[in-house]
1. Could you tell me the relative contact order of the chain? Use alpha-carbon pairs under 8 Å, at least six residues apart, and round to a whole percent.
2. Rounded to the nearest 0.05, what FRET efficiency do LEU3 and TRP85 have when you use their Cβ-Cβ distance and R0 = 41 Å?
3. Could you tally up the Lys pairs in the chain with alpha carbons closer than 16 Å? Skip any pair fewer than 8 positions apart unless they're on separate chains.
4. For the chain, modelled as a GNM with alpha-carbon contacts under 10 angstrom, which of SER58, SER97, SER38 fluctuates the most?
5. To the nearest 0.05, how large is the calculated FRET efficiency for PHE96 and ARG34 if R₀ is 25 Å and r is the Cβ-Cβ distance?
6. Compute the acute angle (0 to 90°) between the alpha-carbon long axis of helix 2-20 and the principal axis of greatest extent of the alpha-carbon atoms of the chain; round to the nearest 10°.
7. Tell me the label-point distance for the pair LYS41, PHE105, using the 7 Å Cα-to-Cβ offset, in nm and rounded to one decimal.
8. Quick one: work out the % antiparallel among DSSP beta bridges in the chain, nearest 5.
Amino acid sequence: MVLALMAMALFFAVCVLTMIFSKRKKAVFSRVERAEGSKFKVAWYDIDGEEFPCIFPSEPEGMYKKDRKCSVIYNRRIGRVFDIWSCMTCVLGFFFSFFSVMIAFYVIYSM
């Protein structure tokens, strides 16, 4: 179980680092649709006339408003964006998984 928590913490740490080294861009939400090679629907954002998918699966469609202007974090290397929901997922996921690992180690070593 601790290994799974550590893997989650590592995954979210990589996501947070990817966000840190990406650029903030102004975007317009365009649609929710499956990305190529993906099983899940993702939000698509228009940045300077070019559409990019979000890195994580979309939230319920009621959370997105068509043609809404927003700020996203765009990573050119992977060609994906982090919207507000994926940013929150990464940051909260990192903190919760990190502290879960710390608590697990505390419990193991206090026995």
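1. Worked out over the chain, it gives 33 percent.
2. 0.90
3. For the chain, the number of qualifying lysine pairs is 6.
4. Of SER58, SER97, SER38, the most mobile in the Gaussian network model is SER38.
5. Numbers: r = 28 Å, r/R0 = 1.13.
FRET efficiency, PHE96 to ARG34: 0.30.
6. With rounding to tens, the tilt is 40 degrees.
7. Output for this residue pair reads 4.1 nm.
8. Percent antiparallel among DSSP bridges in the chain is about 95.
The values are calculated or read from the model by the stated rules, or taken from the named source; none is laboratory data. No experiment lies behind these values; they were computed from the predicted model shown. Backbone-built Cβ (ideal geometry, glycine too); neighbour counts: all protein chains shown. What goes into the accessible areas is simple: the full protein's heavy atoms, side chains included, and nothing from ligands, DNA or RNA. Shrake-Rupley method; radii C 1.70, N 1.55, O 1.52, S 1.80 Å.
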